[in-house]
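Rule-based calculations on the coordinates, nothing more; no lab input. Note that the coordinates shown come from a computational prediction; the quantities given were computed from them, not determined experimentally. Here the Cβ positions follow ideal geometry from the backbone for every residue, glycine too, while neighbour counts run over all protein chains shown.
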Amino acid sequence: MFRRQILKGMAGATASLALASIPAFVAPAFAQETVKVGLILPMTGPSASTGRQIEAGARLWMAQNGDTVAGKKIQLIIKDDTGAADQSKRLATELVINDKVAVIGGFGLTPLALSVGPVATQAKVPAVIMAAGTSTIVATSPYFVRTSFTLPQNTAPMAQWSAANNIKTVVTLVSDYGPGLDSEKAFKAEFEAKGGKVLETLRAPLMNPEFAAFLQKAKDLKPDALFLFVPSGQGASLMKQVGERELAKAGIKIIGTGDVTDDDQLNGMGDALIGMITSHNYSAAHESPENKSYVSAFLKANNNMRPNFMSVGGYDGMALIYKALEKTKGDTDGAKLLDAMKGASWTSPRGPMSIDATTRDITQNVYIREVKKVDGQLYNVEFATIPNVKGSN
Amino acid sequence: MLTILLDGIAYGMLLFILAVGLCVTLGLMNFINLAHGAFAMAGGYLTITLMQQSGVPFLACLPAAFLFSAALGLLLERTLYRHLYDKTHLDQVLFSIGLVFMAMAMVDYAYGANQQIVNLPDYLTGRVSFLGASIGVYRLFVIVICGLLAAGLQIVLTCTRFGSRLRAAVDDGRVARGMGIDVTRIFAVTFAVGSGLAGLGGALGTGIISFDPTFPLKYMIYFLIVISVGGTTTITGPFLAAILLGVADVLGKYYVPAVGGFIIYTIMVLVLILRPQGLFSRGPAR
Amino acid sequence: MTDQTHSTKPSPEAVAARAVLLGRARWGLPEIAFWAIAFGAFFFMPTKLSLLSEIAILGLLALSIDLVLGYAGIVTLGQGAFFGIGAYAAGLAAKYGAGAAPWSDPLLGLLIAGAAAGLIGLLTSFLVLRGSDLTRLMVTLGVALIVDELVNQMKWLTGGSDGLQGVLPAPVLGVWDFDLYGKTAYLYALGVLFVLFVIARAIVKSPFGLSLQAIKGNPLRARAIGMPVNGRLVAIYTLASVYAGIAGGLAAQTTQFASPDYVAFHRSADALLMLVFGGAGHLYGGLIGSIIFRAMQDYLGNITPQYWQFWLGLTLVALVLFVRGGILGLFAKMRDRVLRKGEPA
């Protein structure tokens, strides 16, 4: 019968295929003096730019500090989770079981990090969050540590600055997902505690190419300022439409977190942004010798791609892993590494930072910045510092 | 109110110009080309490259994007697509999605994954007011260009010799061939024009939306919605459908932001339940 | 397609027809070998169990699409909606069952997942009764997009875009706990897939299944010979929704969370691609398609995490240009060539 013959051919081919692919599936032998670090990042799909920046940051740390620490050779393994949470979880499991990695890291978005939490807990492997910014993530697994930032951490200073600088009413516009709502909540709470008033909280769908309706609504409400948050990599289209709607001419100040004026894209966003005030943990224009050398090395290694706040998350994530290994003298036991990470502090390109010993979240300076033209290029120029802001309580 | 209406119309017009090429290949040639967005992306990235690196003026980029995408379309039609006309719809879907994957990876390789934008020339920025409403100059520009294009397409299809030949070739290719019409060539030209329009749409889009390698997939759903609601047998159908969707989307987000995300999809499902062949289709489908 | 003409061809005698039906229902050696390898993979691919469970689950989703597309001719791009509904139903049951029987019992969770998805499938099935391929494609897609948006909006229930966390199913049959290595997960997912496959196989080879193929071949004629066309389509569409829902339930239980990804457009599109890639209308197409598609994605993704899509795309393009009917078509072509060489023509 026709069907039966198909199946015969099919099963035969499956068998040979399955057998042929076995060597590819078997993990390479585990060399003793190698410590593996697995980064799970969105390398394709809508959040791909986040993955690229983090990978570049992590690789730059290794290029500058060598690939040997405490006598062990560090091997970096990059996996693409395409931004899908079930993939992050599967890749984390495989890295832990097959590659026997000492530390996992990366996690481009909140749901991706949350899905990995149980794996880290069960396998007792430290998981370094280098991007995801919802405040609650770190508490979901005792093995989470964060080197990026949290939204409340970056948002509250903006609300304080606004209240202190004659802004009485604000409309907020955020992306409708975890970090966006986190940011909206933090801004509203802080701003209203300081006597301001949030007229309206607008939420745009995450995958939203057209902001006209939201921006027009904000304009019609005539607030003193419009507060913006969209995730890294999506600020460009929002800011283009903000410029087009001439909100500044209508007397509305544009403020936001630094996610919107992402260094990766800022220069292409156009002069309409000049004067925008944001608060954030990192700017490529940060004035320090560490940052100067970081930025120039990064530009050189990455075909003139400007480092953004995601890249320092990757860079400092590797820094933290190196410091922990030095402290344990190369011991890769998960609990010992985790203990070594708690309380670590150092000077990063972003400024002084530390890992809170109890919450395992990041404590760092948050800067108020203004978009300015420096040497013909747009930068977030810092003009005020709020020192040692905690990531979560 | 009028301001927001005009915003919606401009957005709808942009959707139309991006999707109209798909309407041509699907409705007229009965070919499901999900890679349509890749041609739009080609036009968009060409504009970005020309403006950022060679300083070509924006207005010169528009025809360049059209020609570039049309040439690309012609090349692919001659080498690949023509083998697919007699295959099943599912094979066409698989094939064109394959092309989309390749296009996304190639753009990623060449430009990186971050969003690309262009800065419009000064005479296209700013806003104008009339009748108490205000609209961005660029959106007005888009409305005018797209309106002219839609009218032009309709005239070409209904009033020219090429248009009647094309319709003949579509209605019954074999008979048309027998009448001495060069069906192969007509299809190739039509495909090229459809791709070119997508490229032009992409170039125009650079002023409103931004481009990244996921563009073809991100907008594929919108294209499909426009042509399924509008029907694939006319040019005016998708044109009206695109405006309807653009306006409904913007108005919905403005007045009832809580359900903003549902509006387009709900309209589409309702339209397709009530009129399975599309809102503005002539009679039953072939 | 040879199959179709074969099944719709009226046999001269009822006895002969019966013999044909029985013959079709018998299990061939290759089929047995296929399942033996699938279960054997547990032993010879112990490091890839979580990928394998994922493949089994995707295979079940593709199988559910095959039921409506390959056998009833309804093009759907919305199967992800039922997958997602099943995932959230099973996830919520396990979460609020607090890791203990009865509510967190995995098999009960699957029943809940299947029932929830089946109910929505039944309610929406009337939407796909008429219209062209494009119309059906877009209606099913529209339903899926609405469900996606609902999941995003109903944060109090679904956790919104952060996903549903804390899904802790009880041990399977009260004995086997879900482990980090994915051992339980794989055998459990594969076992469920196998049982559902056997049922699907019996259904498509029954008179009911053959009548579906008749409807696919020519709905007008099927109606003319007195077949309840709409009733049959509603039945198979609902059944396929139940299958997709159970697949989603498996996904939520084995990964121990549910996120809007499970409902997203790309889930439906991927599953459809895998089915067409493997070859629709053979039941095995979806399974083979998901195996090869995901294995390739994993393999290429390890070599080039940034650009694997290019090579995957190239494969799809080449497959369509040079082969008809997906991977199964490729096998058939190879077999024909071998047979032609072996036998004198």
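In summary, the lysines within cross-link reach of C:K48, defined as a Cα separation below 17 angstrom excluding same-chain residues under 8 places away, comprise A:K79, A:K89, A:K100, C:K183. In this structure, the amide hydrogen of C:L168, modeled 1.01 Å from its nitrogen in the peptide plane, lies closer than 5 angstrom to those of C:K95, C:G99, counting only residues at least 5 positions away or on a different chain. Legend: residue pairs A:K36/A:K336; A:K329/A:K390; A:K194/A:K217; A:K72/A:K323; A:K72/A:K336, Cα-Cα distance threshold 18 Å; pairs beyond threshold, A:K329/A:K390; A:K194/A:K217. Residues within the reach of a label modelled at B:D171 (point 7 angstrom out along Cα to beta-carbon, backbone nitrogen below 17 Å), restricted to the range B:18-42, are B:27-30. Summing +1 for each Lys or Arg and -1 for each Asp or Glu among the other residues whose beta-carbon sits under 13 angstrom from that of B:I264 gives -3. The mean count of C-beta atoms from other chains within 10 Å of the C-beta of residues in C:145-151, rounded to a whole number, is 4.
Here the spin labels are modelled as points 7 Å beyond Cα on the Cα-Cβ line, and at B:S54 and C:K155 they lie 4.8 nm apart. Taking every pair of alpha-carbon atoms in the protein assembly as shown, give the share separated by more than 43 Å as a whole percent. Beyond 43 Å sits 36 percent of the P(r) for the protein assembly as shown. Within chain B, helices built from complete DSSP H runs that reach 18 Å or longer along their own axis (Cα positions) and carry a mean Kyte-Doolittle hydropathy of 0.0 or higher are B:2-23, B:36-49, B:58-79, B:89-111, B:137-159, B:183-205, B:215-230, B:236-255. Can you list the equivalent-ellipsoid semi-axes of the range B:97-229, largest first and in whole Å, using the square root of 5 times each Cα gyration tensor eigenvalue? Calculated on Cα positions only, the semi-axes equal 34, 24, 12 Å.
The Cα-based radius of gyration and maximum Cα-Cα distance (Dmax) for chain C are 20.5, 70 Å.
Residue-wise HN-Hα couplings along the range A:184-189, as the Karplus relation 6.51 cos²θ - 1.76 cosθ + 1.60 with θ = phi - 60° gives them from phi, are 4, 5, 4, 5, 4, 4 Hz; Gly and Pro carry x. Calculated over chain A, the projected area of the Cα convex hull averaged across directions stands at 22.5 nm².
Scalar couplings 3J(HN,Hα) for the range A:143-155, obtained by applying the Karplus form with A = 6.51, B = -1.76, C = 1.60 to θ = phi - 60°, are 9, 7, 9, 10, 10, 9, 5, 10, 5, x, 4, 7, 8 Hz; x denotes Gly and Pro. Using the rule -39500 (n - 2.57) for each DSSP H run of four or more residues, divided by the residues of chain B, the 222 nm mean residue ellipticity is -22500 deg cm²/dmol. Under a 5 Å amide H cut-off, with hydrogens placed 1.01 Å from N, A:I254 pairs with A:L226, A:I277 among residues at least 5 apart or on other chains. R0 = 51 Å: FRET efficiency of A:N166 with C:V198, Cβ-based, nearest 0.05? The value I calculate is 0.10.
Taking trypsin sites (Lys or Arg not before Pro) across the range A:252-358, the ones in a DSSP loop with at most 12 further Cβ atoms lying within 10 angstrom of their Cβ are A:K329. Partner shielding of A:230-241 amounts to 4, given as the average count of beta-carbon atoms from other chains within 10 Å of each residue beta-carbon. Shielding by partners for peptide B:199-208, expressed as the average number of C-beta atoms from other protein chains within 10 Å of each residue's C-beta, is 1. Over chain B, the pair-distance histogram of Cα-Cα distances with 10 Å bins from zero comes to 7, 28, 36, 23, 6, 1 percent, rounded to whole numbers. Only the Cβ atoms of Lys and Arg (+1) and of Asp and Glu (-1) were treated as charged; on that basis the dipole of the range B:2-274 about its Cα centre amounts to roughly 420 debye. Helical content of chain A, expressed as a calculated mean residue ellipticity at 222 nm, amounts to -13000 deg cm²/dmol (DSSP H runs of 4 or more residues, -39,500 (n - 2.57) each, divided by residue number, nearest 500).
Per-residue 3J(HN,Hα) values for the range C:143-160, derived from phi via the Karplus relation 6.51 cos²θ - 1.76 cosθ + 1.60 with θ = phi - 60°, read 4, 5, 5, 5, 4, 4, 5, 4, 4, 5, 7, 7, 4, 4, 9, 9, x, x Hz in sequence order (x marks Gly and Pro).
Within the shell defined by Cβ-Cβ distances under 14 Å, the residues around B:I117 carry a net charge of -4, with Lys and Arg each +1 and Asp and Glu each -1. Within the shell of other residues whose beta carbon sits under 12 angstrom from the beta carbon of A:G270, the net charge comes to -1, with Lys and Arg scored +1 and Asp and Glu -1. So which lysines can B:K87 reach, going by Cα to Cα under 19 Å and dropping same-chain residues fewer than 8 places off? Cross-link targets: C:K216, C:K333.
Amide hydrogen proximity for A:V35: with H placed 1.01 Å from N in the peptide plane, the residues at 5 or more positions away or on another chain lying under 5 Å are A:K73, A:I74, A:Q75. Peptide packing: for B:199-209, A:92-102, the average count of neighbouring Cβ atoms within 10 Å per residue gives the ranking B:199-209, A:92-102, highest mean first.
Sorting A:E244, A:E33, A:E190 from the fewest to the most surrounding beta carbons within 10 angstrom yields A:E33, A:E190, A:E244.
Our helix-only sum for chain C, with -39,500 (n - 2.57) per DSSP H run of n ≥ 4 divided by its residues, gives a mean residue ellipticity at 222 nm of -24000 deg cm²/dmol.
Go ahead and run the numbers for FRET between B:R161 and B:H83, Cβ-Cβ distance against an R0 of 41 Å, rounding to 0.05.
0.90
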